[in-house]
Each structure stands twice: as C-alpha cells, then as structure tokens.
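Enquirer: Encoded as structure tokens, here's the structure I'll be asking about.
Only the coordinates and a few stated rules stand behind these numbers; no lab work does. Bear in mind the structure is a predicted one, so any value in this text is a computation, not a measurement. Don't worry about glycine lacking a Cβ; one is built from the backbone with ideal geometry, like all the others, and counts go over all protein chains shown.
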Amino acid sequence: MTKKGFILVGFITLKFVLQYVLISPEYDLQRDEYLHLDLGHHLAWGYLSVPPFTSWISKIIYLLGNSVFWVKFFPALFGALTILVVWKAIEELKGNLFALFLGATCVLFSALLSLNTLYQPNSFDVLSWTTVFFIVIKYFNSENPKWLFVAAIIFALGFLNKYNIVFLLLGFLPAILLTKQRSVFVQRKLYLALLLGLLLISPNLLWQYNNNFPVITHLKELSDTQLVNIDRFDFLKSQLLFFIGSLFVIISGLYALLVYKPFKKYKAFFWSFFFTLIVFIFFKAKDYYAIGLYPIYISFGSVFLAKILKSGWKKYLQPIAIAIPALIFIPMFNIAFPNKSPEYIVTHSDSYKELGLLRWEDGKDHLIPQDYADMLGWKELAKKVDSVYSKLPNADQTLIVCDNYGQAGAINYYTKLGIKAVSFNADYINWFNLDQKYVNLIRIKNYREKDNELKETSPYFKSSVLADSITNKYAREFKTLIFAFSGSTIDINKRIKSEIKEVKNDH
C-alpha cells in the first residue's frame, strides 16, 4: 500500500472510531431512527416520511442482527465515504499529499461528526451531493459523456434517499448557464442521462402519484409547524458553524474558482454555491439541509492552498492549516455531541445556549438539545409497555396505539415480547394489522390527555387503568402516559378502520 493509501485508511479508521465514542451509552437511539428502522419491515417504493432508500438499508441492518452497532455503522460508513470522495476530488484536481491531508482533516472535523451519529437520510444525502459534484468535475475534465450517466445514477440514488438533492439541481443548472460549460445543454447524451435518472426514480414518483403525493402534504405540514419558526439569519449563522474549522479552506476554494487559472473550467461551482444558498434561504429551509453543499469546496480550497503554501516561508504554514480544524474541534467535543449527561448539559447550559443548541423546532429554548431529548426515555417506555402487556388477559389480542412514530418505533425496537405498536402518525397509519381481532387496547398518550382518554375510551371496555408513565424528566416524552383497557365491548377493528379513514381524509 502506498503512503497515500495508509493515510487514507487512517482517516477512515479514525472516522469510524470517533462516530462510536461520541455518543454516551446512557442515550437511547433517536426518535427518527426507530421509524427508519421499522421501514425495513415494510418495504415499498415510497413512504409518507421518506423515499425508499432508507428502508433498503434498514432491511440490511435487520438481516445483520438489528443491533445498535449496525444502526450506527451505516451513517458512519456514509461519512467515511464522503471523506473518500473529497480525497478523490482533490486527486482529480491535481492536489498533492498536503492537499489530501488538509481536505480529509477538514471533512473529518466538521458537522459531519454530529450528523453521522444518527441513522437518518442526512448522511447519505451529504454523500450523494458530494459524489454528484465530484462526477461533474470528472466530466468537466474529460468531457466524456459516460460521466453524465454516472451523475444521473448517483442523483437518482440521492433522490430515492432524500428529496433535498433537488436543491442541488436548482442551484447548479443556472450556474452552468453562466459559463462556457453551458455547451453541455446541446448534447444529446445529457438528455439521455436525464431520461435514465427519471427512469430510476419513476417507481417512487409512481408511488407518490398513487398515494396522492403525500410529499406535498408533508412539506405543507413541515412549513406550517417547523419552517415557520426558522429565522433566515439563524440559517446563515449555522452555515458558518457547520464547517467552522474549515471556513478558511472553503473561502479559499471560492476565491480560487474566480482567480486560479487551473480552476477556470470549474467556475460554475462558484455561482452554484451562492445560487443554492439563495434557494435554501428563499424556501426557509432547515439549516442542516445545506450541509451537502460544502465538502466539494473543501476540495477546491485544499488544492489551492497547497499551491500557494508550496514553497518559501509559506510552507511552514502547512502544519498550522492542518491543525486549525482539529484544534477548533477540541472545544466542540464537549458541546456538539451527545457525549455528556443531561445533568452536565443543564449545569453548563450557557455554552449550549450561545450556540443555539437548546433551541428546538418550536423556536423555544429547552433544558437540553432536542436531538438529545429525543434519545431518552425510550427503553423505559418499551419496558413498561411490556410489563403492562404481560399482565393483560388474552394479551395476544392487544392492540398498542401510540401518539407518535417515535413511541411506536421504540416499543417495536426494544420490546422483549415481540409486540408490534402502531400509530395514526407517519407511516404507521398504513401498518395496522386489522386481520387480527383485538379485545384489549394499550394507549400511549400525552400527559395532558389523562382525563380525556379515560373519559372517552373507558366506556368501551370492562376494565380501564392508567398503568404507568415516563419518569425521565430530560426526555421529550417525559410524563407520557400508558393506559391499559381490557375486555372490549365494541368491535375495535371496526373503530380503528373508521379512525384511519378519518385521518387519511384529513390529509
């Protein structure tokens, strides 16, 4: 193995090690991860929550044993592959060993460390953005039409993972029109490549059509409940923090795209950077949606800095350039990752508040970051539901209905009894098993619904009880209630069918 190869393997190994040590064992999986894992039990070409790619990975995780190790392995893998693609992009741009080392360091010690701790579509989204950009560089260098087809395939995979990659096209296509590379639009093979990409994503588009385009409903709900709380200035501030240790490299890359002659053919990347950010800002997108934009500019910046720091006294600045991302990471290690207990976060809340980490999607500050609060209380919930379930008469005829997808997914993941919880929330509304007859009901509800739930549901059962609740005060599910109803006096299945129909009609 060459020297470059050893260094690359070292970076990838360090990446995997860091991803596993950055999460304290006192945290459970995060709310969204449970839903994504359950997708693997219900393979389809589309879902209410995400496109189908995540379900394929979840199926693989399930076949590998469904352990936390494998849940965390895949986002770490996608992060490691992002480092590899940036490395290859630097090589394509004729960068030397210093450029490779600098680029890998910048990507490693960035917001990707936080992003890659969670099993969500975001990790592959960043990888797909970076890979599409890399393939475009390959095409600009060779003008070989085969790269247009490769780009179409990668884009299609990115689309089947997260629709967010559409923003890449919205930013990059008009940028190409401003440069000499616009000649690509008269090439017949470009449109054949676009046709290939359309063909690959068509099963998901067909699913969307057959299901009345739930993505539109999802986007509307997102806009009404979350994006409305987004401040555009906060969005821009977050962009500085995501790659704060690499800002000088990214800025150098943008500058080089304007003045560095070897980068003349890549000027579309300069315009694309700003066009894409403008589109994100216009739509009031969540700040992390834009993370995939940055890694490729680290490639440009690393190559340019390697050129200007090549000789004379400037070469002594090379170690400093490499050290900056790592040195800035050190203080972030204590704040930006779930490696500290909730008690520690509360007693050091000022540091978290200054970085906006305590602000949730409701626009308000809370005790601990939202993602961390979404990683607590789930094992407790599943254990208590198992206990309640086991004490019911005819327990195997019990329907477990939750308020939200996190509750349902967590019960399904941690249960020791093999029970299956569902919800009228997200994709679970399509996963009710109504072929089985139910006589008991376990209901997971918000604590504010205590009186209403007993009042509304008790008349239909012989026995009703508030069985338990979540006691972890730092969990987002704190005080969530577990109701147990047994001996139904009505046809539960018929009632559930009616409620499912009502929910779907509302959407």
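Enquirer: How would you order 184-195, 40-51 from highest to lowest mean count of nearby Cβ atoms within 10 Å? Present the calculation step by step, with values, prior to reporting the outcome.
Expert: Values: 184-195: 13.3, 40-51: 18.0.
Answer by packing, highest mean first, reads 40-51, 184-195.
Enquirer: Leaving out same-chain residues fewer than 8 places away, which lysines sit with a Cα under 27 Å from that of Lys494?
Expert: Leaving aside lysines fewer than 8 places away in the same chain, those within reach of Lys494 are Lys391, Lys420, Lys437, Lys445, Lys450, Lys455, Lys462, Lys504.
Enquirer: Mind checking which aspartates and glutamates have their C-alpha under 14 Å from Lys307, skipping anything on the same chain fewer than 8 residues away?
Expert: Excluding near neighbours in sequence, the set is Glu91.
Enquirer: Provide the gained length on full extension for the span Ser390 to Asn433, in nm with one decimal, where the gain is 0.36 nm per separating residue minus the Cα-Cα distance.
Expert: That works out to 13.5 nm of additional length.
Enquirer: For every helix of n ≥ 4 consecutive DSSP H residues, a contribution of -39,500 (n - 2.57) applies; sum these over the chain, divide by its total residues, and give [θ] at 222 nm rounded to the nearest 500 deg cm²/dmol.
Expert: It comes out at -18500 deg cm²/dmol, rounded to the nearest 500.
Enquirer: Sticking with this one: Longer than 31 Å from Cα to Cα, which of Lys286/Lys340; Lys162/Lys379; Lys180/Lys315; Lys315/Lys353 are they? Say none if no pair is.
Expert: Over 31 Å Cα-Cα: Lys180/Lys315; Lys315/Lys353.
Enquirer: Ranked highest first by average number of other Cβ atoms within 10 Å, how do 296-308, 134-146, 198-210, 22-34 line up?
Expert: Ranking, from highest mean packing down: 296-308, 22-34, 134-146, 198-210.
Enquirer: Along the charge dipole of segment 378-506, which of Tyr413, Phe424, Pro459 sits closest to the positive end, that is, farthest toward it, with unit charges on the beta carbon of Lys, Arg, Asp and Glu (+1, +1, -1, -1)?
Expert: Most positive-ward Cα: Tyr413.
Enquirer: Return one number: the angle in degrees, 0 to 90 and rounded to the nearest 10, between the long axis of the Cα atoms of helix 188-210 and the longest principal axis of the Cα atoms of the chain.
Expert: 10 degrees
Enquirer: Across segment 2-117, how many lysine pairs, 8 or more apart or on two chains, come within less than 20 Å at their alpha-carbon atoms?
Expert: Taking the Cα cut-off of 20 Å, the pair count is 9.
Enquirer: Beyond 24 Å, how much of the Cα-Cα pair distribution for segment 378-506 remains, as a whole percent?
Expert: 21 percent
Enquirer: Relative to the first principal axis of the alpha-carbon coordinates of the chain, what is the inclination of helix 405-414, with its axis defined by its Cα atoms, in degrees from 0 to 90 and to the nearest 10?
Expert: 80 degrees
Enquirer: Still on this structure, please answer the following. Normalising by the residue count of the chain, find the relative contact order in percent from Cα pairs under 8 Å and 6+ residues apart.
Expert: Reported as a whole number, the value is 17 percent.
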